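The values are calculated or read from the model by the stated rules, or taken from the named source; none is laboratory data. Being a predicted model, the structure only gives us computed values, none of them experimental. Ideal geometry is used to build each Cβ from the backbone, glycine not excepted, and the neighbour counts take in all protein chains shown. Ligands, DNA and RNA are excluded from the accessible area calculation, which covers all protein heavy atoms including side chains. Shrake-Rupley method; radii C 1.70, N 1.55, O 1.52, S 1.80 Å.
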Amino acid sequence: MQADLTSIKPYGDTINDGMLQLSFTLPMECGVAAGEAARKLVEQMGIEEVNLVEMKGMGEGYTFFILYGKLKFSIDASKIKVTQVETKTMTYYQINDFIRKKIRRKITVVGACTGSDAHTVGLDAIMNMKGYAGEYGLERYPEINVYNLGSQVPNEQLIRRAVELDADALLVSQVVTQKEVHIKNLTELVELLEAEGLRERFILIVGGPRITHQLALELGYDAGFGPGTIPPDVASYIVQTMTKAGVTWNGGD
Amino acid sequence: MFSLLEKLIIDQIKVDKCRQEARKIADGLQVDIEQNTTTAVERTVARLLGIDGVDEGGIPLPNVVVEQVMLSAELNRGIAYWLGNAVLVTGKTPAAIAVAVGDGQLVLSELPLHPLTEVQDVLTTIVGATVNRIKAIREQRACLQKKYRPGPQPWLYVIVATGNIYEDVVQAKAAARQGADVIAVIRSTAQSLLDYVPYGATTEGFGGTYATQENFRIMRKALDEVGQEIGRYIQLVNYASGLAMPEIAALGALERLDMMLNDAMYGILFRDINMKRTLIDQYFSRMINAFSGIIINTGEDNYLTTADAVEEAHTVLASEFINEELAYRSGLPPEQLGLGHAFEINPALEDGFLMEIAQAQLIRQVFPEAALKYMPPTKYMSGNIFKGHLMDGMFNLVSIMTGQNIQLLGMLTEAIHTPFLSDRALSIENARYIFNNARHLQEEISFKPGGRIQRRAELVLKETEEMLTEIAGKGLLQAIAEGMFADISRSIEGGKGADGVLSKSENYYNPFMEIFREELGV
């Protein structure tokens, strides 16, 4: 059956049935009252015909629940506009090969969690040798020089290092933020780069759980990567953008 | 009918050769270890002499006294000499002396000097009291474990990581009630790079909780309470690693921790700590772990998170031989040796599960008495929590089939966030189900001679022997510099904490090392 894009709902086994599965914990002793509390909470989420299928005490006065229900709401998906990074993701081997053949020198990527953010999990997933989801991180790429500056790096310091290292691309990660402090921080980096006439010198990329490509563009970045990004997504974007920007012969003969 | 040792056919000559090469490798490190000390070792001695607390600026007093002596370039006699000398001159305790140093009222190197024999005499009582205290704590553990027996192996090992010790207590007690046997309190990000131990109870950390003596005490008390209630001794784990490695080992001894992560090479490879610094620190820290009856956990699992688990399987086994030999030299018996390995083969690989079995069984047979610590899948965990939960189940199955001892439970949300209370409960349920449901599967299995599992084990052992021979030829430091472990290369002179390494003078004095060596027979 064809879905109606103007009214999209979750799908269990019948179109528009709105089926959801939820699991969570409440700080209540396991019992009838806790079950009722879980059910009521789920109803308040706009879910009907709530079915509590599992309730289990976990000790210390906490109880775990698994529930199903039908979501009342739908969304008009025909009006949704998204922009996404348009480069095609290549494999680890293809990327290194691409750099060797088309850029003909090693490229340099500098990354940092800027401002107050001490959470390097996202940055490390992309940059560290270890990588993420079975994909090697950029450090493992023989054709990429990687400088991971770590956490709580001031924007000024990131720029200084990027210039010193003659970076091709800057990766900024923002994971944990409060009161939209990440927006302010990301904007400040662009302003500083522009003030020093350096904005066009680097490919500027931001990543993090709250980042979308759309948001990145609005903030003056070249690209934004959200949850689920793997290292080759970022590397592919960098190398393809570099060749587009005509830097191919930079480090050449 | 089948004993453990009849499972895989293992070439004992190769195994013996591996141990022989590991001894050569350790011999090559012995000179550096014996001729040098570090600021961390000296701070540990200060702590064992009763120095604790912080000065007005919040700097831990063990750092204050050691740094003062270091500035006057006299630390190579050992901090014990200077503290003992100050006891002779002032008549105060080392703890009171440290306070005076912190207040700027006393400069240890400017006091009139007494001969070493007098210093040794005056410290005898204090040193003896600390040694007896550690012995008593060890006996207390044995008594408690007799009364409240630990659960059957593989022990269910889970982590708490809220950053707030009081919140950790809630999570840890709940986990114990759910069935956990072992609770590890994950440290705050980058604590390993702090060249001191923070002080007091802490409620803020990033991705973990600071290891402090007070935090150890709070968690120990909570686990004893819940353990007595449910009639099962709950073991407590923390990290004797990083720049304060031996100090934390001492705190673990004083607060009755049961296991400590303690790897001879981890700090070098994964935290870029100076090689010599790490090797000297691991030697003393392991001696403390040995004397206090603490099971160490080595970190070979980490190799497979950076390097490929199929291609680099032998690096795990090779490192285990090295860790084993270095541990023996610190007086650790095999049953206190939690050698690490991991279930990290790409799940998309055909027969990957067979290779996991081969690897786990091989390690089991090569180290029959060790308390093997088996680590869960992390590298291929994704946002698909349902698949992840199944991978954790496969991991649990290998463990019960191959007789592992310490099972660090995988979390279905591994790649997403530090575990929720419910994640931990689901993991414990998963492990208990499989361990109970397949409890004696191991006794029913033998492996087909010449089959895939047998052949895989043979290959890994052969590559291990080759690797150890190569390392023995060039020396461990050079091997690490060449990136032979975890695809990570570190320079011999570089790394953090190199400035904290100093040569011992001829009259160097460390009463604890002397006693531990004697009591442990090393």
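Treating the protein assembly as shown as a set of equal point scatterers at the Cα positions, no solvent, please give the Debye-formula log₁₀ I(q)/I(0) at q = 0.10, 0.11 Å⁻¹.
-1.16, -1.36
How tilted is helix B:511-520 with respect to the longest principal axis of chain B? Cα atoms for both, answer in degrees (0 to 90, nearest 10).
Once rounded, one gets 40 degrees.
With +1 assigned to the C-beta of every Lys and Arg and -1 to the C-beta of every Asp and Glu, and no other charges, what is the dipole magnitude of the protein assembly as shown about the Cα centre in debye, to the nearest 20?
My answer is approximately 960 debye.
Report the label-to-label distance for residue A:195 and residue A:244 in nanometres (one decimal), using points 7 Å from each Cα along the Cα→Cβ vector.
If labels sit at residue A:195 and residue A:244, their model points lie 3.0 nm apart.
When N counts the residues of region B:149-455, how does its alpha-carbon radius of gyration compare numerically with 2.2 N^0.38 Å, as a ratio?
Rounded to two decimals, the normalised Rg is 0.94.
Rounded to the nearest 0.05, what FRET efficiency do residue B:124 and residue B:203 give with R0 = 35 Å and r taken as the Cβ-Cβ distance? Could you check?
Efficiency for this residue pair is about 0.30.
Along the Cα-to-C-beta direction of residue B:71, a point sits 7 Å from the Cα; which residues of region B:86-130 have their amide N less than 13 Å from that point?
Under cut-off, by backbone N: B:101-110.
Compute the relative contact order of chain A as a whole-number percentage, counting only Cα pairs closer than 8 Å that sit 6 or more residues apart in sequence.
18 percent
Working out 0.36 nm times the residue gap between residue B:89 and residue B:117, then minus their Cα-Cα distance, what length gain in nm do you get to one decimal?
Working it through step by step, the gained length comes to 8.6 nm.
Please report the buried accessible area for the interface of A with B, total over both chains, probe 1.4 Å, in Å² to the nearest 100.
Roughly 1700 Å².
Expressed as a rounded percentage, what relative contact order does chain B have, with Cα pairs under 8 Å and six or more residues apart?
It rounds to 20 percent for chain B.
Tell me the net charge near residue A:143. Cut-off is 13 Å between Cβ atoms, residue A:143 excluded, with +1 for each Lys or Arg and -1 for each Asp or Glu.
+4
Relative contact order, percent, of region B:354-512 when contacts are C-alpha pairs under 8 Å separated by at least 6 residues?
Relative contact order for region B:354-512 comes out at 21 percent.
Roughly speaking, what is the stretch gain from residue B:470 to residue B:382, that is 0.36 nm per residue apart minus the C-alpha to C-alpha distance, in nm to one decimal?
That works out to 28.0 nm of additional length.
Taking a cut-off of 18 Å between Cα atoms, list the aspartates and glutamates near residue A:184, but don't count ones fewer than 8 places away on the same chain.
Output for residue A:184: A:117, A:156, A:194, A:218, A:222.
Working out 0.36 nm times the residue gap between residue B:478 and residue B:433, then minus their Cα-Cα distance, what length gain in nm do you get to one decimal?
My answer for the length gained is 11.6 nm.
Over chain B, average the accessible area per residue using a 1.4 Å probe and give it in Å², no decimals.
Per-residue accessible area for chain B comes out at 37 Å².
At 1.4 Å probe size, put A:11, B:210 in order of accessible surface, largest to smallest.
Descending order: A:11, B:210.
Which GluC sites (Glu not before Pro) does region B:94-202 hold that lie in a coil by DSSP with at most 16 other beta carbons within 10 Å?
none
Take the cross-link list B:24/B:373; B:14/B:135; A:40/B:221; B:147/B:173; B:173/B:496; A:88/B:379 and give me the ones stretching past 27 Å between alpha-carbons.
Pairs exceeding the cut-off: B:14/B:135; A:40/B:221; B:173/B:496.
Give me the net charge for the shell around residue B:102: Cβ to Cβ below 9 angstrom, other residues only, Lys and Arg +1, Asp and Glu -1.
-3
Can you list the GluC sites (Glu not before Pro) in region B:1-109 that are in a DSSP coil and have 12 or fewer other beta carbons within 10 angstrom?
Qualifying residues, ordered by number: B:56.
Using the charge dipole of chain B (Lys, Arg: +1 at Cβ; Asp, Glu: -1 at Cβ; taken about the Cα centre), state which of B:353, B:382, B:274 has its Cα farthest towards the positive end.
Towards the positive end, the residue furthest out is B:353.
Rounded to the nearest 5, what % of the DSSP beta bridges within the protein assembly as shown are antiparallel ones?
35 percent
Nearest 10 degrees, 0 to 90: what angle lies between the long axis of helix A:155-164 and the longest principal axis of chain A (Cα atoms)?
Between the helix axis and the principal axis of chain A, the angle is about 40 degrees.
Count, for each residue of A:53-59, the Cβ atoms from other chains sitting within 10 Å of its Cβ, then give me the mean as a whole number.
5
Which of A:8, A:123, A:152 sits closest to the plus end of the dipole of chain A, meaning its Cα is farthest towards the positive end, when Lys and Arg get +1 and Asp and Glu get -1 on the C-beta?
Going by the charge dipole, the pick is A:123.
For chain A, modelled as a GNM with alpha-carbon contacts under 10 angstrom, which of A:50, A:110, A:172 fluctuates the most?
Evaluated over chain A, the most mobile residue of the options is A:50.
Angle between the Cα long axis of helix B:12-35 and the longest principal axis of chain B, 0 to 90 degrees, nearest 10?
20 degrees
Give me the percent of DSSP beta bridges within region A:92-244 that run antiparallel, rounded to the nearest 5.
Antiparallel bridges: around 5 percent, rounded to the nearest 5.
Pick out, in residue order, every one of the GluC sites (Glu not before Pro) in region A:131-206 that is DSSP loop and has at most 14 other C-beta atoms within 10 Å; say none if there are none.
Counting only loop positions with at most 14 other Cβ atoms within 10 Å, the GluC sites (Glu not before Pro) in region A:131-206 are A:180, A:196.
With +1 assigned to the C-beta of every Lys and Arg and -1 to the C-beta of every Asp and Glu, and no other charges, what is the dipole magnitude of region A:4-100 about the Cα centre in debye, to the nearest 20?
380 debye
7 Å from Cα along Cα→Cβ at both residue B:149 and residue A:3: what's the point-to-point distance in nm?
For the pair residue B:149/residue A:3, the computed spacing is 5.6 nm.
Where nothing but the Cβ of Lys and Arg (+1) and of Asp and Glu (-1) is charged, how large is the charge dipole of region B:1-123 around its Cα centre, in debye to the nearest 20?
520 debye
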